[in-house]
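Here the structure comes first, spelled out in structure tokens, and everything after it is commentary.
The values are calculated or read from the model by the stated rules, or taken from the named source; none is laboratory data. What you see is a predicted model, and the numbers here were worked out from it, not measured in a lab. All Cβ positions, glycine included, derive from the backbone under ideal geometry; neighbour counts span all protein chains shown.
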Amino acid sequence: MGKKGGKWVGKSAKKLWSKVPYKIHKVGKIKGSSEKGKGYWGFIYSTKKKSGKKTYRSWEFHTPHNDHGWHLQNNQYSKYKGKWKRGKAKKRITIKKSEEQEVIE
């Protein structure tokens with residue numbers, strides 16, 4: 001592939017990537033700036049609303065706590081002065097129930 005072909009591939013990839021509705025901001029251990037502990041494995045991403053404003057969310061893998069069992073959790077985040085602030089949980093997908101839940105049912 002010559003110079004022109006390489007440039008075309010680069011421009012095409014950039015154009016295609018600009019149409020992807022998500023942007024990944026962080027991958028790895030995630031926690032809010034004011035939270036204790038090491039955080040949870042996952043990623044923070046953003047989407048744009050029709051108004052043009054960005055919304056930040058995350059998908060995190062949580063170990064059993066608060067009778068939830070193993071689960072994936074979708075949280076809302078905001079970014080203020082370069083720090084991530086965790087908002088409320090939006091969705092929770094249970095992978096495996098906790099032992100307390102299994103005994104109750």
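Scanning the range 33-47 for residues that are in a loop (DSSP other than H, G, I, E, B) and in contact (Cβ under 8 Å) with a residue 40 or more places away in the chain, which turns out farthest from W84 (Cα to Cα)? Break it down stepwise before answering.
Taking the range 33-47 and keeping what is in a loop (DSSP other than H, G, I, E, B), we get 33-39.
Filter once more, so that each one left must be in contact (Cβ under 8 Å) with a residue 40 or more places away in the chain: 33-35.
Values: S33: 6, S34: 9, E35: 10 Å.
Ranking the qualifying residues of the range 33-47, first place goes to E35.
Would you mind finding the one in K53, K19, K31 that is at negative phi and touching a Gly at 6+ places or on another chain (Cβ under 8 Å)?
Exactly one of K53, K19, K31 is at negative phi and touching a Gly at 6+ places or on another chain (Cβ under 8 Å), namely K31.
State the number of residues belonging to the range 25-39 that are charged (D, E, K, R) and closer than 15 Å to R57 by Cα. So that I can check it myself, show each step before the final result.
Filtering the range 25-39 down to residues charged (D, E, K, R) leaves 26, 29, 31, 35-36, 38.
Among the residues that remain, those that are also closer than 15 Å to R57 by Cα are: 26, 29, 31.
Looking only at that region, the number is 3.
Pairs, please: C-beta under 9 Å, at least 6 apart or cross-chain, first residue among the charged types (D, E, K, R) and in the range 12-32, second loosely packed, with under 10 Cβ neighbours inside 10 Å?
K29/K38; K31/G37; K31/K38
Quickly run through the range 64-73 and pick out the residues that are out of contact with any strand residue (DSSP E or B) (no Cβ under 6 Å at 6 or more places or on another chain) and either free of Cβ contacts under 8 Å to residues at least 12 places away in the same chain or among the aliphatic types (A, V, I, L, M) (or both).
H65, N66, listed by residue number.
Restricting the range 48-75 to residues that are under 11 Å from the mean Cα position of the chain (by Cα) and over 15 Å from G87 (Cα atoms), which is surrounded by the most Cβ atoms within 10 Å (Cβ to Cβ)?
Here the answer is L72.
How many residues are farther than 18 Å from L72 by Cα and aromatic (F, W, Y) if we restrict to the range 17-57?
2
Which of the residues belonging to the range 83-105 are in a loop (DSSP other than H, G, I, E, B) and at pLDDT below 75? Walk me through how you get there before you give the answer.
First, the residues of the range 83-105 that are in a loop (DSSP other than H, G, I, E, B): 97-98, 105.
Within the range 83-105, S98, E105 qualify.
Which of (1) at pLDDT 80 or above; (2) in a loop (DSSP other than H, G, I, E, B) does H68 not meet, given it meets every other one?
The one condition H68 does not meet is (1).
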